[in-house]
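Written below as structure tokens is the structure these notes are about.
The values are calculated or read from the model by the stated rules, or taken from the named source; none is laboratory data. Since the model is a prediction, treat every value here as computed from it, not as a measurement. Cβ: placed from backbone, ideal geometry, glycine included. Neighbour counts: every protein chain shown. These accessible areas exclude ligands, DNA and RNA; they are computed on the full protein's heavy atoms, side chains included. Shrake-Rupley method; radii C 1.70, N 1.55, O 1.52, S 1.80 Å.
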Amino acid sequence: DAGVIQSPRHEVTEMGQEVTLRCKPISGHDYLFWYRQTMMRGLELLIYFNNNVPIDDSGMPEDRFSAKMPNASFSTLKIQPSEPRDSAVYFCASSYTGRSYNEQFFGPGTRLTVL
Amino acid sequence: AQSVAQPEDQVNVAEGNPLTVKCTYSVSGNPYLFWYVQYPNRGLQFLLKYITGDNLVKGSYGFEAEFNKSQTSFHLKKPSALLSDSVLYFCAVMGRRALTFGSGTRLQVQP
């Protein structure tokens with residue numbers, strides 16, 4: 001398996017523009033997580049899905065952020081409109097509940113820069 | 001709510017010496033604890049986890065971690081540090097399937 005795939009790897013945009021980050025989880029995994037990493041706040045959970053259904057979105061910073069998972073093999077995180085403070089590395093991770101408390105597998109991340 | 005503390009931003013150790021990266025946790029109920037490593041410009045990679053059972057957990061690349069319930073700690077250890085171990089380490093606790101991470105500790109192994 002290729003692991004968790006994220007695209008793009010780097011995104012540079014201007015304030016006010018819409019940004020869409022994409023994630024393909026590992027096949028067969030039923031949990032998908034979106035995290036954000038910044039120097040100031042470290043790694044923080046934004047939202048996670050189970051079987052394509054959002055379970056907890058309490059970490060989504062504000063209404064400008066939205067996430068979808070239309071099927072088991074694809075998820076998007078959208079920021080509209082983007083702001084400079086959204087600049088961060090965004091990670092997608094997936095896991096499988098065949099056994100309880102399995103480790104999460106992380107993608108390489110998308111480095112977002114909002115000018 | 002659960003939380004994790006990594007009290008050291010950086011740990012310096014000489015090559016070949018044993019290393020310890022500290023982690024303490026706070027959680028209601030049974031703790032499910034993880035260590036991840038992050039290489040430059042890459043996502044996190046799983047090292048090891050404690051769910052239940054033996055307090056000494058062995059993981060990848062010669063790392064191990066000791067769970068101590070009375071001290072609420074889950075320190076990462078390795079008997080002999082390699083130069084290639086010089087990366088960023090994250091401790092995490094699981095609650096309702098999602099992970100809460102510590103702030104990370106950068107390990108610097110010196111020749």
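Numbers below:
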{"quantity": "Residues of segment A:2-45 satisfying the condition of being surrounded by 12 or more Cβ atoms within 10 Å (Cβ to Cβ), among the hydrophobic types (A, V, I, L, M, F, W, C) and within 13 Å of another protein chain (Cβ to nearest Cβ)", "calculated": "A:4, A:5, A:23, A:26, A:32, A:33, A:34, A:43, A:45"}
{"quantity": "Any hit, segment A:17-30, residues being over 27 Å from residue B:5 (Cα atoms), in contact with a Lys or Arg (Cβ under 6 Å, 6 or more places away or on another chain) and in contact (Cβ under 8 Å) with a residue 12 or more places away in the chain", "calculated": "yes"}
{"quantity": "Matching residues in segment A:3-37 - criterion: being at pLDDT 95 or above, over 12 Å from residue A:110 (Cα atoms) and part of a strand (DSSP E or B)", "calculated": "A:13, A:24, A:32, A:33"}
{"quantity": "Evaluation of residue B:34 against (1) loosely packed, with under 15 Cβ neighbours inside 10 Å; (2) in a strand (DSSP E or B) (one fails), failing number", "calculated": "(1)"}
{"quantity": "Lone qualifier among B:15, B:8 - being within 13 Å of the chain's Cα centre (by Cα), open to solvent by 20 Å² or more (accessible area, probe 1.4 Å) and more than 12 Å from every other protein chain (Cβ to nearest Cβ)", "calculated": "B:8"}
{"quantity": "Matching entry among A:69, A:60 (being in contact (Cβ under 8 Å) with a residue 24 or more places away in the chain and surrounded by 15 or more Cβ atoms within 10 Å (Cβ to Cβ))", "calculated": "A:69"}
{"quantity": "Neighbours by Cβ (under 9 Å, 6+ apart or cross-chain): first from segment B:86-105, at the interface with chain A (Cβ under 7 Å from one of its Cβ atoms) and in contact (Cβ under 8 Å) with a residue 24 or more places away in the chain; second of a type in the set (Lys, Arg) and open to solvent by 10 Å² or more (accessible area, probe 1.4 Å)", "calculated": "B:94/B:49"}
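Residues are listed down the side, and each one gets a yes or a no for (1) of a type outside the set (Lys, Arg); (2) within 14 Å of the chain's Cα centre (by Cα):
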{"site": "A:36", "(1), (2)": "no, yes"}
{"site": "A:42", "(1), (2)": "yes, no"}
{"site": "A:74", "(1), (2)": "yes, yes"}
{"site": "A:88", "(1), (2)": "yes, yes"}
{"site": "A:92", "(1), (2)": "yes, yes"}
